[in-house]
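Read through the structure below, which is laid out as structure tokens, and then see the notes.
The values are calculated or read from the model by the stated rules, or taken from the named source; none is laboratory data. Please read these numbers as outputs of a predicted model, since none were measured by experiment. Because the Cβ atoms are built from the backbone with ideal geometry, glycine has one as well, and the counts that use them run over all protein chains shown.
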Amino acid sequence: MTISERSGVMDPFKRTWDFNGAGELLLIDKPLDWTSFDVVHRLRTLFGVRKAGHAGTLDPKATGLLILCTGKQTKNLAQYADLDKEYEGTFELGVRTPSYDSETEVIDRGEFSSVTLASLQSVARTFVGKQQQQPPMYSAVKYGGKPLYKYARKGRTLKRTAREVEIAQFEILAFNPPLAEFRVVCSKGTYVRSLVNDLGTILGCGAALRALRRTRIGSFHLADALSIEDLESLILDLTPPQENHEAGIPT
């Protein structure tokens, strides 16, 4: 199956790319444990891109849709970052971690036997609408010129300024204790990890994010995204073997 057959977009092997002039907008499916900058760096290495950036950071433990722009297209990054986002994921009840996800170890456990699918759905609905959300300590938000996670990794907890976010939808799709599957549609700047942590606090048992996948940004959909392997296959097809070897691509 070709990339175009799988994603529904123009086959990248049958088009002309202009990364450094007019620039390109690329939809990438970010892999697990990659930072958003790792993806940008890989693009630069593969195609010799001089100017590139991403819109809407994904945590290393999250996967899914990432918008990359190169060349003159980078001037549009801010407008893409402002678009609403859609996520699907899984959280675990009865646990609490400093990062609100699986990046850090469980530090507390709580009893959740009384929680039902109906009660989960009821609490989730209370989060719909505009609200003030405090960024987690394990985040890239800057304090004193350094990201908060650098302080968090040294055991420090700092006062953070809450930000207004909007949750358009928060649906609990399934509940197989202790795991719950969910879907969220939210504004830019929303930390889904914090949303899950706050839900666990209200329930009184704690909750931590276990998996998160971004499926949509505005009108851009994950189904149209290319994987890192797709990009590497593309450069293999277009570049002489010696140059592939120099770029660190297996041949």
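Details
- Positions within the stretch 189-207 being outside any helix (DSSP H, G or I) and either in contact with a helix residue (DSSP H, G or I) (Cβ under 8 Å, 6 or more places away or on another chain) or not assigned by TED's automatic domain parsing to the domain that holds S113 (or both), in sequence order: G206, A207
- On inspection, E111 fails the criterion of being surrounded by 14 or more Cβ atoms within 10 Å (Cβ to Cβ), more than 22 Å from A140 (Cα to Cα) and touching a residue at least 24 places away in the same chain (Cβ under 8 Å).
- Top-ranked residue of the stretch 135-145 - restricted to ones that are surrounded by 11 or more Cβ atoms within 10 Å (Cβ to Cβ) and free of Cβ contacts under 8 Å to residues at least 40 places away in the same chain, ranked as farthest from L195 (Cα to Cα): Y143
- Flag: S233 does not match the condition of being at negative phi, within 14 Å of the chain's Cα centre (by Cα) and assigned to a helix (DSSP H, G or I).
- Listing of strands (runs of 3 or more DSSP E) fully contained in the stretch 1-104 that carry 3 or more residues being within 22 Å of L195 (Cα to Cα) and at pLDDT 95 or above: 62-70, 85-93
- Qualifying residue in the stretch 208-230 (condition: touching a residue at least 40 places away in the same chain (Cβ under 8 Å), aromatic (F, W, Y) and assigned to a loop (DSSP other than H, G, I, E, B)): no
One line per residue, one yes/no per condition, for (1) at pLDDT 95 or above; (2) assigned by TED's automatic domain parsing to the domain that holds L25; (3) over 23 Å from T215 (Cβ atoms):
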{"residue": "V106", "(1), (2), (3)": "yes, no, yes"}
{"residue": "L120", "(1), (2), (3)": "yes, no, no"}
{"residue": "T126", "(1), (2), (3)": "yes, no, yes"}
{"residue": "G129", "(1), (2), (3)": "yes, no, no"}
{"residue": "G144", "(1), (2), (3)": "no, no, yes"}
{"residue": "V165", "(1), (2), (3)": "yes, no, no"}
{"residue": "E171", "(1), (2), (3)": "yes, no, no"}
{"residue": "P177", "(1), (2), (3)": "yes, no, yes"}
{"residue": "S187", "(1), (2), (3)": "yes, no, no"}
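- Qualifying position, being loosely packed, with under 15 Cβ neighbours inside 10 Å and either of a type in the set (D, E, K, R) or farther than 30 Å from N176 by Cβ (or both), among Q132, Q73: Q132
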